[in-house]
Structures are given as structure tokens and as C-alpha cells.
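The values are calculated or read from the model by the stated rules, or taken from the named source; none is laboratory data. Predicted model only: the values in this text are computed from it and were never measured. All Cβ positions, even for glycine, are placed from backbone atoms using ideal geometry, and neighbour counts span all protein chains on display. Calculation scope for accessible area: heavy atoms of the full protein, side chains included, ligands and nucleic acids excluded. Shrake-Rupley method; radii C 1.70, N 1.55, O 1.52, S 1.80 Å.
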Amino acid sequence: LPREPSLSEEAGGCFDSAETGASLRYSTGTGGEGSEGAGLASSESGDSGFSLADRRRPGGGRPRYEVVRELGAEEVRWFYREDRKTWKPFIGYDSLRIELAYRALGHGGTAEPREGEAAAVEPVCVRSGLYEVDVANGESYPVYWNQTEKIPVMRGQWFIDGTWQPLEEEESNLIEQEHLHRFKGQQLQESFDMEVSKPVDGKEAIHSLKLSRNHVDWHSVDEVYLYSDATTSKIARTVTQKLGFSKASSSGTRLHRGYVEEATLEDKPPQTSHIVFVVHGIGQKMDQGRIIKNTAMMRDTARKIEEKYFSNLATHVEFLPVEWRSKLTLDGDTVDSITPDKVRGLRDMLNSSAMDIMYYTSPLYRDELVKGLQQELNRLYTLFCSRNPEFEEKGGKVSIVSHSLGCVITYDIMIGWNPVRLYEQLLQKEEEEELEDRWMSYEEQCLLEELYRTKQRLREIEERLHGLKASTISKPPVLKFKVENFFCMGSPLAVFLALRGIRPGNSGSQDHILPRTICNRLLNIFHPSDPVAYRLEPLILKHYSNISPVQIHWYNTANPLPYECMKPNFLNPTKEPTSVTDSESASTVPSPTTSPVMVRRHYGESITNIGKASILGAASIGKGLGGMLFSRFGRSSTTTPQTLETGKDGAEGDDKKATTAGTPPFPHSGSGFLEPAVELEHRIDFELREGLVESRYWSAVTSHTAYWSSLDIALFLLTFMYKHDQEDPDKSNSDTI
């Protein structure tokens, strides 16, 4: 019977690098130029020849052939297994290229290595370019990070009915060899339904194969069953057969030859238009590889969100872990050698986690930490661009997601903050004050003035020399890429900036703490119970300490309001003074250079208020309970009945208290939304929503590490990264109209 050419018969096939998205090209190697294209045609070219779609059944499912022949490359499916879990199939695009590399080694089909050519082939890039497959050794490994355990890969030919899990490769090869030896060239049954797999009772096996722990029976060319040879299975088969059941229906597992879905070139991942570097914080030394697992969780949740909300886009966002801690030597084992042996486990945990903060504040080791992260970021970007040359050509963007201390280090790298320069400025200021305040003799005063002028002259010469070098030799940028978005998660960055002297100003621009020329957008994400996280907005405009952070939408919210359209929401007009500190702070007159600030109510503080009230006595308890009720309903964007009933008296009392405190009344509307005179250009602080039954004390322990698998955060990140991609089609449509 005439049949179509098979991929397994074309050993001379060659294919381009998969990383650039090139198509596969085949040639039979027996004819001239006209023989090219007889194999697998490119999905992007219009060449005539053999098409995979022509071999599909009209009803769908796996393609069937008229006669038994060797499996084509499109019928074989390759699998990988991570963390000793079930086997997962590669997508069709990856599986085809792995199979071709496998056949180029001389395995499978009639392919044999050509004379004078080495049997080794290049590793196959798979899974959106994050991994490579070494076909010769049957293992996969990551490209951008180090991993001690290799990921095993397996070639699947025979599959279990229902689950479509592959048989072990050794058994699968034996069954395939026996099947071809016994049935090659025979006619297949015309009536074959992939959906229904019912054994024919009473049909005897026409062929059998004994394996090490199992045996296989062929009841027909298409009906193949696997049986276990364990003693318990034999007893169960004997009993069920005496009861009238067939051998196949009682204990057999039906097998299928070839995967349920045909591998095609169209089944390929979208191009990467945005890469995200995920930077870890403290504790990486304690649990090496944690950032790789956390990034994998964030990548998986982002994939789910992409499939649900951004499936119409032809590009996708890729997340790459940045592991900067393990390569640093720092003090070696000096700290470990001075650690006492008592409660050693707790001490080792602190040495491996909290010690990173002390290292960063040390002038001796800070530069090593900064350079470690900087070099790793540049290495990953250079490696990604070398493997994806079209990324920069098509204007690919880069964002950074940092966690905990990683936010501070990343920020310092971007702005080039140097504590030595700050120290020199402080010394200069002290010298000037010393000249003014200290009493000294005339001769000593002349010498100090001469020393001051000499230092001033030396600084001027150094600045001129530095400017001359800068004009002749352009200094390369610290990072090799422009940061589009800088996402901080559970970040203590605000505390570090406050301790460095950053104070609120009068402009609502992000440039006050991070210039837009360095990073287009700064976003601070935190859980309300995270004890490490702090807000950034009050460092830009002081009155934003009384404005609640923007609530991050739940991922399953229907038609959520865009973040740009959400108005500032006032936390609480007043706070009942429950201590001397509160009353004193209320009487403080604000500086004319800062925005007017009212007494801040810490959101989520109702339990603390009750505790303070219980100390002050029974009269204060009622006020504390009232404050708790207000805090429960005051954060709503709509006016509640409680606020309507007490609106008059509350407003009058608030105005009186604000006047007596020396603070001008803060403008706010009746709906609870704030109408400040100066607003931020873009909101920076974004807060996760608390669960309805969430314990704040338990959240304080777990919230700092709960960002990685959050679907809400994944949707939030992708919303800002895909913002321009979603706006461009709308803009083009409006222009057309």
C-alpha cells in the first residue's frame, strides 16, 4: 500500500536553533534540491509537501494510519519530572525538537549518524528557553540558575488509558519492538474510537510478551493490555475469571500506542516581551535554592492569570530568579566560630538570616553585597539577550521584583547611593561648626582656616579632574538595562530612607525618592500585618500617612476599578487621644514647608485601642469600642448608616479639635474620599486585602513570605506590565474610528 513519508525515516533532517523561534527543516538526503521539504513543512512557510493536519482523523484525536508502521516524531511525546512528581508532557514544539535530536544520535527509526559526523548534538532549549535537554544523558537542567538535581526526561511511546501517563522507557521500548516485529505492515481496524475503550469479552490473546514484572497481551492490533504478574494480581484474576469476568476487564490496563495529541509546530510558547528579575532578601544562605522555588511559584501563578485574563496577547512575561547571596564569601566562617553552642539551632538560623542586615550596614562588606547583586543582574540580562537577540530589537522591557532587604540593595544600585560620600559631607559640616563654635587661640584659628581653605581647594581640583575624566571616558551604567517597574514586596526601604535623612517635600513626584529617568514606576506592595514592611508615600507627601494605601483587587473580582481611577481614601478624621503622647502630638504645629497633617490613626489598630482603653478605665472602654466599630466600617468607600447618624456632631467635634490643635481642617468629602491640595502623580503604596477569618497575630508570622503564590499579586504585577500592550490596541482602534 502506498503511504506517506515518515519523520522517522528522514535521518538527515536538520533544524535551526529553537531559541530564535526558527522552524524545522527536513531533507531526505537522497535526492537533489528537489528532495527538500518532503518531511515536516514549516508552519510559517507556504512550501508544498507533507502536512501534519492531513494525517488527523476527521473526528479529532490522535491520527490513525492504514497499516502498522514505525511511530512518527509527531506521535512520540517527551516528558519531564520535577520533585519526583508525575511525568509532565513537553509542549508539541519542544517534544518535536527533542525527538529530532534523539534521532540524530541514531536512536529511533532508521536514522544513523553520517560518516565523519560526531554523534553528539547540541542541547535542545525547552520550556520557553528556561531549560535545556541533554538528550544523550536523558536529563534537563536550567539555563539561568544553578540546580544540584537534574530533571529526568523520558521518551513516551506507549501510554496508559485514561491518564495518558507514559510507560517506563525500558518497557515501552520492548513493547514497541515486539509490536513492530509481530504486526508491522498489517491492516489496522477501521472502527477505532479513542474515547471508548471497552475490551471484547471472550476474545483470546493473539500474542503475548513477558516482561520483568508484567506481561502484555495483544487481543488485536489495536487492543493491547498490560497485566501485573504480582501474586495478589494473579489471585484476583483467577477469582474474577471464575466469576465470569474476562481477563482484560478484571485486572488489565489498556495501553495506547502514540500520544493522544499530535505534536505540532504551532504548539509553541509566545515570545517574551517583558522579563522580570526576582531578587530575594535575607535568609537565602539558610535555605539555598529558596528563591528558585519562590520564583517558580510566582511564575506558575502568573501563567494561570495570563491564561485567564491576557490570553489575547501574543507575548508573555518571563520571571527569572536572581540568587546573589550564595556566591559571596564575606567573613568566611568567623561569625560561626564565635557563636556559642547553646541553642545552636536558633543561633545558626539568625546567623544565616538576620546577619545579612548587619553585613549590609557594615562599611566593610556592604560593597560586596552590592556588587554581588549588580553583577548577577547584568549577567542574567546579558545571557538572556544573547539567547534571545530579538528581545532588544523589539523593545523588550525589564522589571524588578524585590523582597525584603533585596529592595534596599536594588534601590541603592539603581540610584548609586554611597554611604562614604555621605560620611564625608558630615565631616565637612562638623569642621565648619567647629570653626564657628569652638574657642581657640589666634594662631590655632589661622592654621585651621588655612587647613579648611586647602581642603576646599583640594575638593575643587578633585571635582575638576573627575569632570575631565567623565567628559573623555564615558562611564558605563551600573545596570545594563532601564528598569520599567520596580516592585517592592514586604520592603523596609522606607525605614532606610528615613534614617538617611529623606524627609517629605511639597511635590507629589516619585522623583523625590527615585527619579523617573532611572525607573519609570515604583510600586510598594505589602500585607497589612507584615512586620517588616513600611509605607513610602508619607516620605514624599507627609499627609499621605492619613490616606489609606490602595487596596489590591482580588484576582476574581468582576470588572474591578482601574487603579488610576481610585481616589485617595481618608483613614479616619480623628483619633481619640488615649495617652499623653497622642495628646502632645496633636498639639504640634506643622512646619510651613510641609503639608498639613492630622493625627494619624493606624489602620487595623482596633484591638490595640481596646487594650489602651481598658487601662484608662470603664469610661474609656465605651470610647474604645466605638472607635473599634468606626474602624471596622470607616474603611469602606461608601458612607455607612453609623457615619450618617453621627455625621453632624462628629464633624463639629472634629473641626473644634483640629482648630484647638493648631492644624487647619483637612478637606474631605462626605463619602470619605480625600480631596488634598497636593496629590501624588501616581500611587505607590498598595496593600493586600486581609481575609475575613484571618488572624492578625498569625499573619504577622506568615505574611512576610506569603507574597510568592498570591494570585492577587500575580494579577497586580501583570496588570502594570501589560498596561502598554493593552493600551496600544485601544489607541489604534480609536485612531481608526
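Before moving on, here are some points about what is shown:
- Failed item, numbered, when SER249 is tested on (1) at pLDDT below 90; (2) in a helix (DSSP H, G or I); (3) under 30 Å from GLY406 (Cα atoms): (3)
- Against the numbered list (1) assigned to a helix (DSSP H, G or I); (2) closer than 23 Å to PRO515 by Cβ; (3) open to solvent by less than 30 Å² (accessible area, probe 1.4 Å), TYR359 comes up short only at (2).
- Residue in the range 408-417 that is aliphatic (A, V, I, L, M), open to solvent by 10 Å² or more (accessible area, probe 1.4 Å) and more than 22 Å from the chain's Cα centre (by Cα) present: yes
- Condition check for GLY138: at pLDDT below 95, open to solvent by less than 50 Å² (accessible area, probe 1.4 Å), in contact with a helix residue (DSSP H, G or I) (Cβ under 7 Å, 6 or more places away or on another chain) and at positive phi: no
- Filter result (open to solvent by 20 Å² or more (accessible area, probe 1.4 Å) and closer than 19 Å to VAL678 by Cβ) within the range 491-514: ILE502, ARG503, PRO504, ASN506, SER507, ASP511, HIS512
- Pairs, first farther than 16 Å from VAL398 by Cα and small (Gly, Ala, Ser) in the range 368-386, second part of a helix (DSSP H, G or I) and open to solvent by less than 10 Å² (accessible area, probe 1.4 Å), C-beta under 6 Å, six or more apart: none
- Identity of the residue in the range 669-701, modelled with pLDDT of 80 or more and over 26 Å from the mean Cα position of the chain (by Cα), that ends up least open to solvent (accessible area, probe 1.4 Å): LEU680
- Set side by side, the residues VAL278, VAL260 differ, and just one is open to solvent by less than 70 Å² (accessible area, probe 1.4 Å), at pLDDT 85 or above and more than 30 Å from VAL224 (Cβ to Cβ), which is VAL278.
- Hits in the range 362-399 - residues which are among the hydrophobic types (A, V, I, L, M, F, W, C) and surrounded by 13 or more Cβ atoms within 10 Å (Cβ to Cβ): LEU369, VAL370, LEU373, LEU377, LEU380, LEU383, PHE384, CYS385, PHE391, VAL398
- Filtered residues of the range 331-356 (kept if under 35 Å from the mean Cα position of the chain (by Cα) and part of a loop (DSSP other than H, G, I, E, B)): ASP331, GLY332, ASP333, SER353, ALA354
- Filter result for GLN288 (among the polar types (S, T, N, Q), in a loop (DSSP other than H, G, I, E, B) and in contact with a helix residue (DSSP H, G or I) (Cβ under 8 Å, 6 or more places away or on another chain)): no
- Any chance TYR131 is modelled with pLDDT of 95 or more and not polar (S, T, N, Q): yes
- Residue within the range 506-518 that is assigned by the TED database to the domain that holds CYS385 and under 21 Å from the mean Cα position of the chain (by Cα) present: no
- MET154 fulfils the conditions (1) open to solvent by less than 10 Å² (accessible area, probe 1.4 Å); (2) at pLDDT below 90; (3) not aromatic (Phe, Trp, Tyr) except for a single criterion, (2).
- Evaluation of ILE305 against the conditions (1) surrounded by fewer than 16 Cβ atoms within 10 Å (Cβ to Cβ); (2) assigned to a helix (DSSP H, G or I) shows that the sole unmet condition is (1).
- Filter result for GLU266 (open to solvent by 60 Å² or more (accessible area, probe 1.4 Å), at pLDDT below 70 and under 30 Å from LEU96 (Cα atoms)): no
- Condition broken by TYR80, with the remaining ones in (1) open to solvent by 50 Å² or more (accessible area, probe 1.4 Å); (2) modelled with pLDDT of 95 or more; (3) not basic (Lys, Arg) satisfied: (1)
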